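The values are calculated or read from the model by the stated rules, or taken from the named source; none is laboratory data. Please read these numbers as outputs of a predicted model, since none were measured by experiment. Neighbour counts are summed over all protein chains in view; Cβ atoms, including those assigned to glycine, are modelled from backbone coordinates with ideal geometry. SASA here: full protein model, heavy atoms, side chains in, ligands and nucleic acids out. Shrake-Rupley method; radii C 1.70, N 1.55, O 1.52, S 1.80 Å.
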Amino acid sequence: MLINFLVGLPVIVLCVVLQALFLALCARRYVSLRRRMNASPTWRGDVRLLSMVMVVMLIGNYVQMALWALLFLLLGEFEDFTTALYFSGVTFATLGYGDVVLSQPWRLLSPLEAANGILMFGVSTAIMTAAVVDIIKQHASGEHAER
């Protein structure tokens with residue numbers, strides 16, 4: 001049990017750092033685009049901003065799934081990256097289909113990845129919600145006229 005935690009912990013830490021990196025990238029890009037948009041705000045700009053946030057955070061989560069998949073490959077749990085990534089995605093998203101599972105010695109990595117994934121999806125959801133709230137506030141304050 002302890003070995004699973006010790007093997008999974010560095011991946012969790014790396015995922016947290018990656019999430020922070022993608023979050024910072026997303027926030028900086030959002031602010032930059034929003035400043036430019038304020039000169040001539042449009043509904044297309046809103047769509048562009050929200051799409052950018054969603055895509056960047058989705059890519060960030062996908063990179064983290066790939067990182068877990070690489071760990072599973074290194075441990076010899078899967079023969080190919082596609083299967084490892086499938087298992088990782090299902091686990092990271094906490095779906096847990098059960099059609100592909102880890103071997104007994106590494107089985108406890110699954111709940112670690114699921115806990116990591118639910119936390120990272122929560123952070124992604126928070127940044128997306130913040131962007132939506134910001135745009136709603138722009139419209140409510142009259143700062144953002146309809147065009």
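With an a/c value of 1.5 or above and a/b not larger than b/c for the gyration tensor axes a ≥ b ≥ c computed over the alpha-carbon atoms, the stretch 60-109 is described as oblate.
Round to the nearest 0.05 the FRET efficiency obtained for ALA24 and SER51 when R0 = 25 Å and r is the Cβ-Cβ distance. The pair ALA24/SER51 has a calculated efficiency of 0.85. Taking the chain as the reference, fit the longest principal axis to its C-alpha atoms, fit the long axis of helix 109-140 to the helix C-alpha atoms, and give the angle between the two in degrees, 0 to 90, nearest 10. The angle comes out near 0 degrees. Relative to the current alpha-carbon distance between MET1 and ARG36, full extension at 0.36 nm per residue lengthens the span by 7.4 nm. Each residue of the stretch 57-65 is assigned a 3J(HN,Hα), and the resulting list reads 5, 5, 4, x, 5, 5, 4, 5, 4 Hz, derived from the Karplus form 6.51 cos²θ - 1.76 cosθ + 1.60 (θ = phi - 60°), x at Gly and Pro. Using alpha carbon centroids, what distance separates the stretch 35-64 and the stretch 107-127, in Å? Computed from Cα coordinates, the inter-centre distance equals 23 Å. Remark: spin-label model distance VAL132-VAL16 equals 2.8 nm, labels positioned 7 Å along the Cα→Cβ axis. Rolling a 1.4 Å probe over the protein heavy atoms gives the chain an accessible area of 57 Å² per residue.
Between ALA140 and ILE118, full extension at 0.36 nm per residue minus the direct alpha carbon distance yields a gain of 4.7 nm. With semi-axes defined as the square roots of five times the eigenvalues of the C-alpha gyration tensor, the equivalent ellipsoid of the stretch 1-124 measures 35, 14, 11 Å, largest first.
Split the accessible area of the stretch 1-133 by element, probe 1.4 Å, and carbon with sulfur accounts for 74%. Working ranking of peptides 56-68, 2-14 by packing, defined as the average number of other Cβ atoms within 10 Å per residue, highest first, is 56-68, 2-14.
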